[in-house]
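The values are calculated or read from the model by the stated rules, or taken from the named source; none is laboratory data. From a predicted model like this one, the values you see are computed outputs, not experimental measurements. Note: ideal-geometry Cβ built from the backbone for every residue, glycine included; neighbour counts use all protein chains shown. Side chains are part of the model used for accessible areas, which takes the heavy atoms of the whole protein and leaves out ligands, DNA and RNA. Shrake-Rupley method; radii C 1.70, N 1.55, O 1.52, S 1.80 Å.
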Amino acid sequence: MRRKEKRLLQAVALVLAALVLLPNVGLWALYRERQPDGTPGGSGAAVVPAAGLGSHNQQKKIFFLGDGQKLKDWHDQEAIRRDAQRVGNGEQGRPYPMTDAERVDQAYRENGFNIYVSDKISLNRSLPDIRHPNCNSKRYLETLPNTSIIIPFHNEGWSSLLRTVHSVLNRSPPELIAEIVLVDDFSDRGSLLSGQHLP
């Protein structure tokens, strides 16, 4: 009898924990964070068509929260389309086709990845959009504070470090970036100590 009581108590505790956590995680969070559309459960936001905005005769919608704050679609759809059409070595996150000569152990020993191949991939590499489809319709506040982006590195391959900076610049709204700070965490590799500057 005690075993059944213990299992019953565990089940009740699990249900209570789910009820407490449900508003913050899981399906309820997805329901609450749907695209604001003025319908019940849509964050109480109203939709106002903006005349004359948008391309291809599509009207963009301006979203307002209950307290009058505007929401904005921060996605750069044109840049996303351009990225999706790019082809070349490493584009769209595809593997680089290596020859036997390029499979050099030394290239792996210094960085943990093949720096020779990294140098052959564009610094402005395109990446596939692997986010959940709901992310494409997310709206955020129109007025957001800017931020500093800090990138610490230690003996990092120069091309991969520059590729990181390019990725931040290409995929972030410029008005939201205050600065990008590269912090050298005691590198002792000559190429990083030679005073190279970002272009």
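Within the stretch 166-187, can you find the residues that are open to solvent by less than 90 Å² (accessible area, probe 1.4 Å), assigned to a loop (DSSP other than H, G, I, E, B) and within 19 Å of GLY112 (Cβ to Cβ)?
Of everything in the stretch 166-187, just one residue is open to solvent by less than 90 Å² (accessible area, probe 1.4 Å), assigned to a loop (DSSP other than H, G, I, E, B) and within 19 Å of GLY112 (Cβ to Cβ), namely SER187.
Only one residue in PRO95, PRO49 is open to solvent by 70 Å² or more (accessible area, probe 1.4 Å), at pLDDT below 90 and in a strand (DSSP E or B). Which one?
Values: PRO95 fails: in a strand (DSSP E or B).
Only one candidate qualifies: PRO49.
Conditions: (1) touching a helix residue (DSSP H, G or I) at 6+ places or on another chain (Cβ under 9 Å); (2) modelled with pLDDT of 90 or more; (3) open to solvent by 50 Å² or more (accessible area, probe 1.4 Å). ILE149 meets all but one. Number of the miss?
Exception for ILE149: condition (3).
Kindly indicate the residue of the stretch 121-146 that is open to solvent by less than 80 Å² (accessible area, probe 1.4 Å) and in contact (Cβ under 8 Å) with a residue 60 or more places away in the chain and also nearest to GLY90 (Cα to Cα) among those meeting that condition.
Out of the qualifying residues, it is ASN136.
When you check VAL117 against the structure, is it outside any loop (DSSP other than H, G, I, E, B) and modelled with pLDDT under 85, yes or no?
yes
One line per residue, one yes/no per condition, for (1) modelled with pLDDT of 90 or more; (2) within 17 Å of PHE113 (Cβ to Cβ); (3) open to solvent by less than 70 Å² (accessible area, probe 1.4 Å); (4) in contact with a Pro (Cβ under 7 Å, 6 or more places away or on another chain):
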residue: PHE153; (1), (2), (3), (4): yes, yes, yes, no
residue: THR164; (1), (2), (3), (4): yes, yes, yes, no
residue: ARG189; (1), (2), (3), (4): no, yes, yes, no
residue: LEU192; (1), (2), (3), (4): no, yes, yes, no
residue: GLN196; (1), (2), (3), (4): no, no, no, no
